[in-house]
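Values quoted throughout were computed directly from the atomic coordinates according to the rules given, and no laboratory measurement underlies them. A quick note: this is a predicted structure, and the numbers were derived from the prediction, not measured. Counting neighbours? That spans all protein chains shown, and the Cβs are built from the backbone with ideal geometry, glycine included.
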Amino acid sequence: MRFTPEELTPILSHHLGGAATVLSVESVARGSSRETRFVRYRLDDGRDRNLVLRSDFPAGSTDPNPLDLEYFIYDRLNAADIPTARALFWEDNPTRTDRPFYAREKIEGDWNIPHYSDPDPAYDALRIAIAKEHISTLARVHAVDWRALGLHERLAVPGDEADAARSALRHARDQFLTLATEPIPLVLEAIEWLSDRAPPADRLCLCKGTNGYGEEVFREGRIAALSDWEEVSIGDPAADFAFMQGFLVDIVRDGRALWGLQPALDYYESLTGLRLSREKVQYYQLLRSLRLLVMSHNSAASLRRTDAHIRQGWTATEVLHLTQHVLASAMGMMPPIAPERFAQLNISVDMG
Amino acid sequence: MIHPSAVQIVRAIEATLADVVEPAMVNIGARSALATIGHLLRHVALRVEDEGQLLADDIGALQDLLARLHDYLDAAGDGTQAAEISQALKRARLEKGRYPSLRMMADSAMILRQSVQDALAYLQQERATRGEDQAYLAARTSIRDYLAYQVRAEAALIHPAFEDKGPRR
């Protein structure tokens, strides 16, 4: 399956209840875990529409969580009061495609926010407003009744609040041992170390997993859709502050802290009444490093195939190494790496 | 053929992609892939130069560690686990008289590292009963020392290839 207009036209016609004509297919460059494509198509009413296709890379996904879990989450979240794209259809019929994929509606907007990265203090207010918009939307995610939506049917559910972090550690260990690409004993050492320090959750809630600049769709300064649900889990809300790309950066003017992790946590508390500690967020940053290690390890498995994506070569090398270094330094085995080193990982050629 | 070396060829490829191909590219997806290719070419050049020695050092460190773990397990009465280590050391032995390829050395290191991982998993199971035992703690410390060594050694193939070298994607 190469996702050409010719291949997709009959598939869209099958699923969308009418004769569809695919007009264009555009690949999105940024993603590292899966492939994303924007499709423009026309139904027999003559109107042009857009949708988003998600598929694994030809050699498999970077994320060990299956693609159909991502579709399941979108599908169930359609009934929740949070901004997400509507799931349209799942396609895995081998007579139509050799690579399963799903479609969701394309929400108008952009991950890129003009002037967000401009260091001019004139844009501080914009940065803070965007970050608050994101946190308030996350607070709505955390309030979702995940049992009523049936999300527990596919997501691991901790036994109770005290089990939240250990549940995530068990999941990571199971995935790591299943991959069996290359033994990395550091993973077992880190899981034990993290398990010894596992904090109880303030409450169990739906956590999005990957957050921040580049992960969501914005329109006119508001979140039009939360995207990237591939690392979704049921756990501690603090976990959602562990990876909040670009939205927790310290803004200090004239010695006054205008924004950063603590002001963000204070703002979250004002919305939810939950006081999340910095230490707990830092703990979940380590847990996310472990998860990223497992994902990078999964990339290495993809490299066994000749059709692996070049991006998987990167995650299987630099990202895999850095996640090991982060965990080793957290355990006191070696000095830490400067934060600037990690910031480099999130820069892409289209962020100029 | 001694010259050009594999590293020189890889560097020429990298420079050509950066100086000739990249400026002609307008498609973001292609530019993104090319950025990643540049980083990975530098990584490959480092591996061509250094991977053999790094693997040799790793195999030596793993053999030393496994010998210590074997002795601890044997003394602690864990005969099955000690025997598994002996078997791993035997299976990982490189053929005498044959120049080892990188593949052969990597396979050997994999067997040894798997044995360390298995031993660690076993020792973790035993922590509740042996956690205060000095010999147990020494075995665990020797594993941690190896883990730190392994990450430090691997850094030689990563940091010079990627750090401060531009967008990864």
- [ ] Starting at the first residue of region A:250-264, write each ³J(HN,Hα) from the Karplus equation 6.51 cos²θ - 1.76 cosθ + 1.60 with θ = phi - 60°, in whole Hz, x for Gly and Pro.
- [x] 4, 10, 10, 10, 6, x, 9, 7, 8, 7, x, 4, 5, x, 5
TODO: Please work out the FRET efficiency for the pair residue A:6 and residue B:80, using the Cβ-Cβ distance as r and a Förster radius of 45 Å; give the result to the nearest 0.05.
DONE: 0.15
Open item on the list: Relative contact order of region A:23-125, please, whole-number percent, based on alpha carbon pairs below 8 angstrom and at least 6 residues apart.
Closed with: 21 percent
- [ ] Scan around residue A:23 for amide H atoms under 5 Å from its own, H built in the peptide plane at 1.01 Å from N, and keep only partners 5 or more places away or cross-chain.
- [x] A:40, A:41, A:42
TODO: Work out the FRET efficiency for residue A:282 and residue B:110 from their Cβ-Cβ distance, taking R0 = 25 Å, and round it to the nearest 0.05.
DONE: 0.15
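So what is the diffusion coefficient of the protein assembly as shown in µm² per second by Stokes-Einstein at 20 °C and 1.002 mPa s, using a Kirkwood Rh over Cα pairs?
So the translational diffusion coefficient is about 85 µm²/s.
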- [ ] Place a label point 7 angstrom from the Cα of residue B:127 along the Cα-to-Cβ direction, then list the residues of region A:287-308 whose backbone nitrogen is under 15 Å away.
- [x] none
TODO: Only loop residues by DSSP count here, and only those with at most 12 other Cβ atoms within 10 Å; note down the GluC sites (Glu not before Pro) in region B:110-165 that meet that.
DONE: B:132
Open item on the list: Under 5 Å between amide hydrogens, which residues at least 5 positions from residue A:259 or on another chain qualify, with H placed 1.01 Å from N in the peptide plane?
Closed with: A:251
Open item on the list: Considering only C-alpha atoms, what is the centroid distance from region B:1-79 to region A:184-220, in Å?
Closed with: 29 Å
TODO: Taking the Cα centre of the protein assembly as shown as origin, sum charge times position over the Cβ atoms of Lys and Arg (+1) and Asp and Glu (-1), and report the length of that vector in debye to the nearest 20.
DONE: 480 debye
TODO: For region A:201-254, just say rounded, prolate or oblate: build the C-alpha gyration tensor, square-root its eigenvalues into a ≥ b ≥ c, call rounded for a/c under 1.5, and beyond that prolate if a/b exceeds b/c, oblate if not.
DONE: oblate
TODO: Would you mind listing how long chain B runs along its three principal axes, going by Cα atoms, in whole Å with the largest first?
DONE: 67, 41, 20
Open item on the list: Give me A:152, B:43 sorted ascending by neighbouring Cβ count inside 10 Å, so fewest comes first.
Closed with: A:152, B:43
- [ ] List A:315, A:84, A:137 from most exposed to least, where exposure is judged by having the fewest other Cβ atoms within 10 Å.
- [x] A:137, A:84, A:315
- [ ] Could you pull out the trypsin sites (Lys or Arg not before Pro) across region A:297-352 that fall in loop regions by DSSP (anything but H, G, I, E, B) with no more than 11 other Cβ atoms inside 10 Å?
- [x] A:304
TODO: Provide the per-residue ³J(HN,Hα) series for region A:269-284, in order, calculated from phi with Karplus coefficients 6.51, -1.76, 1.60 and θ = phi - 60°, each as a whole number of Hz, with x at glycine and proline positions.
DONE: 5, 5, 8, 10, x, 8, 9, 9, 8, 4, 4, 5, 4, 5, 4, 5
TODO: Please give the calculated 222 nm ellipticity per residue for the protein assembly as shown, where each DSSP H segment of at least 4 residues contributes -39500 (n - 2.57) and the sum is spread over every residue; nearest 500 deg cm²/dmol?
DONE: -16500 deg cm²/dmol
- [ ] For residue A:224, enumerate residues with amide H under 5 Å from its amide H, sequence gap 5+ or separate chain, H modeled in the peptide plane.
- [x] A:217, A:218, A:219
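Treat the count of other C-beta atoms within 10 Å as a stand-in for reagent exposure and order A:277, A:32 from fewest to most.
Ordered by Cβ neighbours within 10 Å, fewest first: A:277, A:32.
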Task: Choice from A:36, A:21, A:306 with maximal GNM fluctuation in chain A (Cα, 10 Å cutoff) - done: A:306
TODO: With springs only between Cα atoms under 10 Å apart, run a GNM on chain A and tell me which of A:19, A:224, A:338 wobbles the most.
DONE: A:338
